[in-house]
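A short write-up of the structure that comes next.
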Amino acid sequence: VYLSSPTQTSGTLTIPGAAFEQSFSIEPGVCALIRVPSWIGMARSSEAIERRAIHIESADTVACFALNYSKQTADASVILPTKALGREYRIIAYTPAGYPSECMIVATMDSTQVEITPSAATLAGHHTDMPFTISLSRGDEYQVQSDGDLTGTRIISSRPVAVFGGSACASIPPGSA
């Protein structure tokens, strides 16, 4: 996780469900790096609630992006502040050969009801265009995976959530890995 700020600031990065906490301080114009072990922060399954969401609190405004990389693979995402999150999303994903298309929903508040209408059958057996609802608490994350393309999957929530879309391994063009 990379953090930067135009002003000197400090804060903490926590993963409450994994009992992980790391303090940070940022100098203006210098990027701070917090390494989160993948065994702590990575979702493990499709369509199961997990308590692996990362929560960042800082004394002043920070910019944040997350990068996950290893040999021959990398994923990155800009992380938005809670006040910038929405309640309705459409997923942009990808259908790589042999790997699942996926999306992740992260709750920022307790008692969050989320309706998911998958654009493809999910690995856990939810059918195309058949909505289902889950209930999440603050810090919960819920990953949906499919052997089909989840692009167009609709997410509607009762409270603001963060949503990420992608694939487990996007070799573009297929077979180029």
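What number comes out for accessible area per residue over the range 7-156 if the probe is 1.4 Å? Units Å², please.
Working: 8530 Å² over 150 residues.
Here the per-residue accessible area is 57 Å².
Restricting to DSSP H runs of at least four residues, report the calculated mean residue ellipticity at 222 nm for the chain, -39500 (n - 2.57) per run over all residues, nearest 500 deg cm²/dmol.
On the way: 1 runs with 4 residues, N = 177.
Value at 222 nm, helices only: -500 deg cm²/dmol.
Could you calculate the FRET efficiency of CYS31 with ARG51 from 1/(1 + (r/R0)^6), where r is the beta carbon distance between them and R0 is 30 Å, rounded to 0.05? Please list the in-between numbers first.
Details: r = 28 Å, r/R0 = 0.93.
For R0 = 30 Å, the calculated efficiency reads 0.60.
How large is ³J(HN,Hα) for each residue in the range 52-66, as worked out from phi by the Karplus curve 6.51 cos²θ - 1.76 cosθ + 1.60 (θ = phi - 60°), to whole Hz, x for Gly and Pro?
Taking θ as phi minus 60°, the curve returns 10, 5, 8, 10, 10, 10, 9, 6, 9, 4, 10, 9, 9, 9, 10 Hz for the range 52-66.
If I model a spin label at ASP129 and ARG44 as a point 7 Å from the Cα along the Cα→Cβ vector, what separation in nanometres do I get?
3.6 nm
What nm distance separates the two modelled labels at PHE65 and SER23, each placed 7 Å from Cα along Cα→Cβ?
So the two model labels end up 2.9 nm from each other.
Show me, for the range 135-143, the HN-Hα J-couplings you get by feeding each phi into the Karplus relation (A = 6.51, B = -1.76, C = 1.60, θ = phi - 60°), rounded to Hz, glycine and proline as x.
Taking θ as phi minus 60°, the curve returns 10, 10, 10, 3, x, 7, 10, 9, 9 Hz for the range 135-143.
Order of 120-129, 107-116, 69-78, 28-37 by packing, highest average Cβ count within 10 Å first?
Averaged packing, sorted descending, gives the order 107-116, 120-129, 28-37, 69-78.
Fully extended, how many nm does the chain gain between GLN113 and THR82 (0.36 nm per residue separation, minus their Cα-Cα distance)?
Difference between extended and current length: 9.5 nm.
With no solvent and one equal point scatterer placed on each C-alpha of the range 38-177, evaluate the Debye formula and give log10 I(q)/I(0) for q = 0.22 Å⁻¹, two decimals.
Computed log10 I(q)/I(0) values: -1.50.
Starting from the Cα of ASP75, step 7 Å along the direction of its Cβ; do the same at SER158; then give the gap between the two resulting points in nm.
Each label point lies 7 Å from its Cα, and together they span 2.8 nm.
Applying the Karplus parametrisation 6.51 cos²θ - 1.76 cosθ + 1.60 with θ = phi - 60° to the phi angles of the range 98-106, what ³J(HN,Hα) value in whole Hz is obtained for each residue in order, glycine and proline being reported as x?
x, 10, x, 7, 8, 9, 10, 10, 10
When the accessible area of the range 37-177 is split by element with a 1.4 Å probe, what percent falls to carbon and sulfur?
On the way: 4330 of 7880 Å².
Of the solvent-accessible surface of the range 37-177, carbon and sulfur hold 55 percent.
The values are calculated or read from the model by the stated rules, or taken from the named source; none is laboratory data. As the structure is a computational prediction, the values presented were derived from the model and not from experiment. Heads up, the Cβs are rebuilt from the backbone with ideal geometry, glycines too, and the neighbour counts pull from every protein chain shown. Areas reflect the complete protein model, heavy atoms only, side chains present, ligands, DNA and RNA absent. Shrake-Rupley method; radii C 1.70, N 1.55, O 1.52, S 1.80 Å.
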